[in-house]
Amino acid sequence: MPRDERRAQLLNAALEVFVSNGFHGAAMDEIAETAHVSKPVLYQHFPSKRELYMALLDSHLATLTDLMLGALNSTTDNKERVKAVMRAYYRFIADDDQAHRLVFESDLINDPDVSSRLETFNKTFADAVAHVIAEDTKLPPLEAQLLGRGLAGMAQVSARYWLETDGNLDLDVASDLIYRLAWRGISRFPKES
């Protein structure tokens, strides 16, 4: 099997095991077995469980970053931007095969390397949102950054809660509710004094 295909196979198996067992409960033996490879093959690609976990985290954060920035840059109409970003976030949560649990609910969340990667994602996304806000509203950078973080947090927390509803609330309805809430708030800047 070509190296890239084998690596993808191993990452998929690792995701399944890490989501089921958490980082601390996962074993390289189980990951190798799930991937239908020997442990030496697994170790050829990933010398440790930690490196495997970090590669998986980096991959999912890169995908999420691309989705969020793609949605943000998909239009110059700010109302449509907010709608696109909320929809993209909900789509990631819905379509990610439990990757959001690895990203946002890891038992390594307090590990400095993991928290640094999550902060890099949060900062990149919030900075992009803040740039649009500052450009449109002329708010000072720190205020625009706070609003960017607030909007990003709204998307993250509400989408994770939506997932817990087990399909009792349609994805489009849920993301539209949050988009309308966010737009009604952010569209008032800088009109209010």
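Of note:
- Residue in segment 1-38 that is surrounded by the fewest Cβ atoms within 10 Å (Cβ to Cβ), counting only those that are under 25 Å from the mean Cα position of the chain (by Cα) and not in a helix (DSSP H, G or I): Ala27
- Inspection of segment 92-109 finds a residue satisfying the criterion of being touching a Ser or Thr at 6+ places or on another chain (Cβ under 7 Å) and either under 20 Å from Ser59 (Cβ atoms) or open to solvent by less than 20 Å² (accessible area, probe 1.4 Å) (or both).
- Matching residues in segment 143-157 - criterion: being surrounded by fewer than 21 Cβ atoms within 10 Å (Cβ to Cβ), without any contact (Cβ under 8 Å) to a residue 24 or more places away in the chain and within 20 Å of the chain's Cα centre (by Cα): Gln145, Leu146, Gly150, Gly153, Val157
- Residue pairs whose Cβ atoms lie under 9 Å apart, sitting 6 or more positions apart in sequence or on different chains, and linking a residue in segment 178-193 that is among the aromatic types (Phe, Trp, Tyr) and assigned to a helix (DSSP H, G or I) to a partner that is open to solvent by 40 Å² or more (accessible area, probe 1.4 Å) and modelled with pLDDT of 90 or more, are Tyr179/Lys79; Tyr179/Lys83; Tyr179/Arg87; Trp183/Lys79; Trp183/Lys83.
- Any hit, segment 52-73, residues being in a helix (DSSP H, G or I), more than 19 Å from the chain's Cα centre (by Cα) and either free of Cβ contacts under 8 Å to residues at least 60 places away in the same chain or under 22 Å from Asn110 (Cα atoms) (or both): no
- Restricting attention to segment 84-121, the residues that are in a helix (DSSP H, G or I), more than 23 Å from Leu171 (Cβ to Cβ) and either in contact with a helix residue (DSSP H, G or I) (Cβ under 7 Å, 6 or more places away or on another chain) or not hydroxyl-bearing (Ser, Thr, Tyr) (or both) add up to 6.
- Pairs with Cβ under 7 Å, 6+ apart, first in segment 15-26 and under 18 Å from Ser59 (Cβ atoms), second hydroxyl-bearing (Ser, Thr, Tyr) and part of a helix (DSSP H, G or I): Glu16/Thr34; Val17/Thr34; Phe18/Tyr53; Phe23/Tyr53
The values are calculated or read from the model by the stated rules, or taken from the named source; none is laboratory data. The structure presented is a predicted model; accordingly, all values stated were derived computationally and were not measured. A quick note on method: Cβ atoms are made from the backbone with ideal geometry, for glycine too, and the neighbour counts reach across all protein chains shown. Ligands, DNA and RNA are excluded from the accessible area calculation, which covers all protein heavy atoms including side chains. Shrake-Rupley method; radii C 1.70, N 1.55, O 1.52, S 1.80 Å.
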